[in-house]
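Trainee: Dropping the structure in here first, questions after.
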Amino acid sequence: MSDTMENKELEAGIKMCRIEMEILGAWPDTKYNQWYLKFRFLVPIFLSVFFINIPQTRMLIIVKDNLDDLLEILTTADLIVFIALIKFSSILAKRKDLMVLLNKMRFDWNTADRNHKYEMRKSLIFSKVLMSCYNICTSGTIFIYAASRFLVLRQHNEETRCSNITSMKPMFIRSKFFFETEYSIMFEIIWIGQFIAAFVAKMAFVTYDGFFIFSILHLSAQLINLKIDFRSLPVEENGQNFTQSLKCLVQKHWDLKKFRTLVEENFNQVFLVQMMCYSVTLCLQSYQIVTILTGESEKNSATLEFIVIFTISNILSLLMYCYMGEKLSTESSGLHYAVYDIEWYKLKPSESKLLMIVMHGTKKPLVITAGKFTNLSLSYFMQILKTASGYLSMLLAVQDRL
């Protein structure tokens, strides 16, 4: 397969992520010739801040004494869109580093042999499937919410016509603007603008995670290939061949460690903020579900269905991050045992000593952290769920005092 074909294979795998990031004006290697295209990234920021974050935060202040309304605002869009803005800002600030990661993946595809490409294709297909499911899940959540809000708006209009009593129209997202929004044309503009802003925020959220998914799974595939190479070292040939082959593999391992460091530096701080917000969000969403089921909330069944779907979506998103960290740690830990499996007893003593040094260098697994405080892993996923459950128990215990 030629370099051109290999690049096409990689580009096809990351096509969905690339298209969405180019729409937002944030794909690392896209050249914008016209001046207005260079500032296209300001559009999603303006939509998210103007239509969602500012008006929802104002509404949050207004309803601060109503717990149900407070929880609805925090869990519907305000916190999630805030996280999406942080992710999008991180992409813009670190485009050069993301470009390095992208070029490294392209280089690996261009230089890998047929045997190595098997694992790389598996990881690329898995990345593509995972990204597609993630997109469908998040987009479906927005469309379900939009459908429920449209039905609420339609019911409101019918009740207004029958009773001749004027009341405030329900917006797409509960919010308070600095100007009057009840007039017909302005209301429709705001409603559609909030829907577009929510979808744009979703794209920023998903593409950031998509780039992380492709990077980690590509790195995991390279680690699997490295393990295969270690087990295939020519131990029965002359020492010069063995030493040279071992040197190449050690250099490759060092390059993968630098790749992991670059991923860590570009994603760990955002993940720290996101994990903290997720602990609070999952607690509040669970509290809403409990209060609706027990009849202590005035929210209807449509609201309950949306909250359940939204909560499941957030849990799956959290599980995905932790699974990626777990997979990377598992594959890198396997390197230590791959070196151990080399038939060292067929080597010269001087060559066997080299393996001891290599084993020491591969002993520590590669990990992705949340702000360098804790490793992303399945055990950390359970820890977050336990933390959210603890917050939920506290809220339920003191709900009569709130």
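Trainee: Starting from the Cα gyration tensor of the range 91-137, take the square roots of the eigenvalues, sort them a ≥ b ≥ c, and report rounded, prolate or oblate (rounded when a/c is under 1.5, otherwise prolate if a/b is larger than b/c, else oblate).
Mentor: In terms of gyration-tensor shape, oblate.
Trainee: If you build the Cα gyration tensor of the range 144-211 and take the root of 5 times each eigenvalue, what three semi-axes come out, in whole angstrom, biggest first?
Mentor: So the equivalent ellipsoid measures 29, 14, 8 Å along its semi-axes.
Trainee: Would you mind checking the pairs 104/346; 128/247; 94/202; 38/94; 8/364; 96/372 and listing those with alpha carbons more than 27 angstrom apart?
Mentor: From 104/346; 128/247; 94/202; 38/94; 8/364; 96/372, over 27 Å: 104/346; 128/247; 8/364.
Trainee: Now a separate question. Ignoring ligands, DNA and RNA, what percent of the 1.4 Å accessible area of the chain is carbon and sulfur?
Mentor: Here carbon and sulfur together make up 63 percent of the probe-accessible area.
Trainee: Hey, another quick one. How big is the convex hull of the Cα atoms of the range 15-91, per residue, in Å³?
Mentor: 85 Å³
Trainee: Which of the listed residues, 254, 332, 286, is farthest toward the dipole's positive end in the range 245-371, when Lys, Arg count +1 and Asp, Glu count -1 at the beta-carbon?
Mentor: After comparing all options, I get 254.
Trainee: Sorted by packing (mean other beta-carbon atoms within 10 Å per residue), highest first, where do 129-141, 74-86, 269-281 land?
Mentor: So the order, starting with the most tightly packed, is 74-86, 269-281, 129-141.
Trainee: Dipole size in debye (nearest 20) for the chain around its Cα centre, Lys and Arg Cβ +1, Asp and Glu Cβ -1?
Mentor: 1020 debye
Trainee: Can you give me the angle between helix 3-13 and the longest principal axis of the chain, using Cα atoms only, in degrees from 0 to 90, rounded to the nearest 10?
Mentor: Between helix and principal axis, roughly 30 degrees.
Trainee: Just how much of residue 15 is accessible, in Å², when a 1.4 Å probe is used and the result is rounded to the nearest 10?
Mentor: Solvent-accessible area, nearest 10 Å²: 120 Å².
Trainee: Note the angle between two axes, namely the Cα long axis of helix 114-163 and the longest principal axis of the Cα atoms of the chain, as a number of degrees from 0 to 90, rounded to the nearest 10.
Mentor: Value to nearest ten degrees: 0.
Trainee: List the aspartates and glutamates whose alpha-carbon lies under 19 Å from that of residue 386, not counting same-chain residues fewer than 8 positions away?
Mentor: Partners found: 326.
Trainee: Relative to the longest principal Cα axis of the chain, at what angle does helix 239-293 sit, 0 to 90 degrees, rounded to 10?
Mentor: Between helix and principal axis, roughly 20 degrees.
Trainee: Here's another thing I want to ask about it. Taking the solvent-accessible surface of protein heavy atoms with a 1.4 Å probe, what is the per residue accessible area of the range 5-162 in Å²?
Mentor: On a per-residue basis, 53 Å².
Trainee: Checking a compactness column here: for the range 256-402, what do you get for Rg(Cα) / (2.2 N^0.38 Å), N being the number of residues?
Mentor: The reported ratio for this selection is 1.53.
Trainee: May I ask for the Rg/Rh ratio of the range 66-215, computed from Cα atoms with Rh as the Kirkwood radius, given to two decimals?
Mentor: For the range 66-215, the value is 1.15.
Trainee: Once the whole set of protein chains is in place, how much accessible area is left on residue 19, using a 1.4 Å probe, in Å² to the nearest 10?
Mentor: 80 Å²
The values are calculated or read from the model by the stated rules, or taken from the named source; none is laboratory data. On a predicted model such as this, the values are computed, not experimentally measured, just so you know. Glycine gets a Cβ as well: all are built from the backbone with ideal geometry, and neighbour counts include every protein chain shown. Side chains are part of the model used for accessible areas, which takes the heavy atoms of the whole protein and leaves out ligands, DNA and RNA. Shrake-Rupley method; radii C 1.70, N 1.55, O 1.52, S 1.80 Å.
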